[in-house]
Amino acid sequence: MNREVVFGAYVKEYPLTQFTDLGLAKPLLKALADEGYTQPTPIQAQAIPGVMSGRDLLGIAQTGTGKTAAFALPILHRLAEDKKPAPRRSARVLVLAPTRELATQIGESFKAYGKHMGVTVAVVFGGVKYGGQMRALAPGVDVLVATPGRLLDHLGEKSITLDGVEILVLDEADQMLDMGFIVPIRKIVKYVPKMRQNLFFSATMPAEIEKLSAEILNPNPLKVSVTPQATTVERINQRVLFVEQQRKRALLAELFDDAGFKRVIVFTRTKRGADRVARGLEQVGVEAVSIHGDKSQGQRERALAAFKAGEVRALVATDIAARGIDIDAVSHVVQYELPNVPEAYVHRIGRTARAGADGSAVAFCADDERNLLKDIEKVTRQRIPSFDRRNDRHLGAATAAMPEPTREKSERAARPQGQKQGQGKAQPHRGGHAPKRNRNHADAKPGHRPEGGGRPAQDAAKPGFKGPSRRRRGGGGGGKSEGGGGSGRSVWSNF
């Protein structure tokens, strides 16, 4: 089977332009009108009719494409058409999600779309006490959204059964793989009745995920793909900036001199690194909060609320925030450290350019990250443009002493001594140790395992994070502005 042919192209295009053309139940159309939604996205237009007909679905879609509504709306339509009470301590619909944030967002979507139906929704994840979840599950619910680890705990405690599940949804399957959830998923599936409808979503389709989909889905599922595998959103203006490791801190502060950096997500590999980068930004006058697996649920919710409300300019995160957090108007994504897993790059930058907007992504690449960059470009099948300071002289003090960041020079430096261009394979990251996939459970207890890969790199952000002493709240203070004269816009506004 040629995977590119199966997954890399659109399936049949449905000639639908309005939600009213889909045959959805009236309560759903009323809820959509309340939200101001009139036209379905491509994945919604393709998936909803098939799911409403009862077919299994294999969807290849990145976050930000509207896939939550693509499965929530037809599921709610079925519940509206086939009204019956949920079995006690069970659910009619089970949705599995990799992280607390994504599970919460999916639950909120079901509540919003089903608000005129009286649908009952419960969300179960780790990091909080069991008592409230048990009480919510006891009478039975229409829709249960859960992370795999906590759901297995409830099954072990017999506070829930899955005997009443009619529809099983697996969202972000490839991230489930990265986080080590494939074995738990297989255990959970054994608790679910065999006679069921299955909806399977993944942004990429590695071999193990393809095997899992074959195990879960019934024969001849509807296949929907709205983007080729692991490609990046076209509306995102991407740049890689080659920078020495010790200069990353100053360069990050320099970026925030640009007033255009209004709402920015900064990604690090490790939890400790996220905290240090956030503290460092605060020290130079940039309001910042961090979010990662060691934060309590309350801390994470408060951090996200502050970022969404515009109370802070920067959200510094590990890959736990790379998917499932739907925040409007993120102007930039900065990859302070490149991810060990190439596919994570796609999901990180997918936090910007959402809902039809444009966005920008900046990746810092140090000497020991060049092979990671090559892996990313191989997976995304594109060459990420490098920012060349020779074409603009207004980069400010943070980059004044940087070597020319040309790709050719960087690639020469990345090759082993004596190896010519085109010879041999790229050397694995970190002295011959291949990057390991992240096996950290999103709902594990604090300190369970490090995020960002099996062997995290040493934090580039060291204690103190001393940067320029001037305050950086509105931008435009330090380096020269593009038009001169402190307009608050710098060279970084170009992308």
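The values are calculated or read from the model by the stated rules, or taken from the named source; none is laboratory data. This one's a predicted model, so the numbers in the text were calculated from it and none came from an experiment. Here the Cβ is made from the backbone with ideal geometry for all residues, glycine too, and neighbour counts use every protein chain on show.
Results for (1) assigned to a loop (DSSP other than H, G, I, E, B); (2) at pLDDT 85 or above; (3) out of contact with any strand residue (DSSP E or B) (no Cβ under 7 Å at 6 or more places or on another chain); (4) more than 17 Å from THR65 (Cβ to Cβ), shown as yes or no for each residue.
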{"site": "MET1", "(1), (2), (3), (4)": "yes, no, yes, yes"}
{"site": "GLU13", "(1), (2), (3), (4)": "yes, no, yes, no"}
{"site": "THR17", "(1), (2), (3), (4)": "yes, no, yes, yes"}
{"site": "ASP21", "(1), (2), (3), (4)": "no, yes, yes, yes"}
{"site": "LEU24", "(1), (2), (3), (4)": "yes, yes, yes, yes"}
{"site": "TYR37", "(1), (2), (3), (4)": "yes, yes, yes, no"}
{"site": "GLN44", "(1), (2), (3), (4)": "no, yes, yes, no"}
{"site": "ILE48", "(1), (2), (3), (4)": "no, yes, yes, no"}
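Within the stretch 70-104, being surrounded by fewer than 24 Cβ atoms within 10 Å (Cβ to Cβ) and over 23 Å from GLN133 (Cβ atoms) holds for HIS77, ARG78, ALA80, GLU81, ASP82, LYS83, LYS84.
One line per residue, one yes/no per condition, for (1) surrounded by fewer than 19 Cβ atoms within 10 Å (Cβ to Cβ); (2) at pLDDT below 75; (3) at negative phi:
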{"site": "TYR336", "(1), (2), (3)": "no, no, yes"}
{"site": "VAL341", "(1), (2), (3)": "no, no, yes"}
{"site": "THR352", "(1), (2), (3)": "no, yes, yes"}
{"site": "ASP375", "(1), (2), (3)": "no, no, yes"}
{"site": "ASP388", "(1), (2), (3)": "yes, yes, yes"}
{"site": "ARG393", "(1), (2), (3)": "yes, yes, yes"}
{"site": "ALA401", "(1), (2), (3)": "yes, yes, yes"}
{"site": "GLU404", "(1), (2), (3)": "yes, yes, yes"}
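Are there any helices (runs of 4 or more DSSP H) wholly within the stretch 197-302 with 3 or more residues that are assigned by TED's automatic domain parsing to the domain that holds ASP375 and in contact (Cβ under 8 Å) with a residue 40 or more places away in the chain, and if so which?
Details: elements: 207-216, 248-255, 271-283.
So the answer is 248-255, 271-283.
Here TYR113 meets the list (1) within 24 Å of ALA25 (Cα to Cα); (2) in contact with a strand residue (DSSP E or B) (Cβ under 8 Å, 6 or more places away or on another chain); (3) surrounded by 21 or more Cβ atoms within 10 Å (Cβ to Cβ) almost entirely, failing just condition (2). Exactly one residue among LEU73, LEU94, LEU102 is assigned to a strand (DSSP E or B) and either under 24 Å from PHE19 (Cβ atoms) or in the same structural domain as ILE188 (by TED's automatic domain parsing) (or both), and that residue is LEU94.
Residue-wise test of (1) of a type outside the set (A, V, I, L, M); (2) touching a Gly at 6+ places or on another chain (Cβ under 6 Å); (3) within 17 Å of GLU166 (Cβ to Cβ).
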{"residue": "ALA86", "(1), (2), (3)": "no, yes, yes"}
{"residue": "LYS111", "(1), (2), (3)": "yes, no, no"}
{"residue": "GLY118", "(1), (2), (3)": "yes, no, no"}
{"residue": "VAL121", "(1), (2), (3)": "no, yes, yes"}
{"residue": "VAL124", "(1), (2), (3)": "no, no, no"}
{"residue": "ARG135", "(1), (2), (3)": "yes, no, no"}
{"residue": "ALA146", "(1), (2), (3)": "no, no, yes"}
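Which members of the stretch 104-128 meet the condition of being without any contact (Cβ under 8 Å) to a residue 60 or more places away in the chain and within 26 Å of the chain's Cα centre (by Cα)?
Narrowing the stretch 104-128 to residues without any contact (Cβ under 8 Å) to a residue 60 or more places away in the chain: 104, 107-111, 118-124.
Those that are without any contact (Cβ under 8 Å) to a residue 60 or more places away in the chain and within 26 Å of the chain's Cα centre (by Cα): THR104, GLY107, GLU108, SER109, PHE110, LYS111, VAL121, ALA122, VAL123, VAL124.
Quick check on ILE106: is it touching a helix residue (DSSP H, G or I) at 6+ places or on another chain (Cβ under 7 Å) and of a type in the set (A, V, I, L, M)?
Values: touching a helix residue (DSSP H, G or I) at 6+ places or on another chain (Cβ under 7 Å): yes; of a type in the set (A, V, I, L, M): yes.
In short, yes.
With the requirement that a residue be more than 17 Å from ILE60 (Cβ to Cβ), among the charged types (D, E, K, R) and in contact with a helix residue (DSSP H, G or I) (Cβ under 7 Å, 6 or more places away or on another chain), what does the stretch 163-217 give you? Once the filter is applied, which keeps residues that are more than 17 Å from ILE60 (Cβ to Cβ), among the charged types (D, E, K, R) and in contact with a helix residue (DSSP H, G or I) (Cβ under 7 Å, 6 or more places away or on another chain), the stretch 163-217 yields only LYS187.
The sole residue among LEU94, LEU79, LEU137 that is out of contact with any helix residue (DSSP H, G or I) (no Cβ under 9 Å at 6 or more places or on another chain) and hydrophobic (A, V, I, L, M, F, W, C) is LEU79. Scanning the stretch 116-174 for residues that are in contact with a Ser or Thr (Cβ under 7 Å, 6 or more places away or on another chain), among the charged types (D, E, K, R) and assigned to a helix (DSSP H, G or I) gives a single hit, ASP174. So, in the stretch 50-82, exactly how many residues are modelled with pLDDT under 90 and either at positive phi or more than 19 Å from the chain's Cα centre (by Cα) (or both)? Qualifying residue count for the region: 2.
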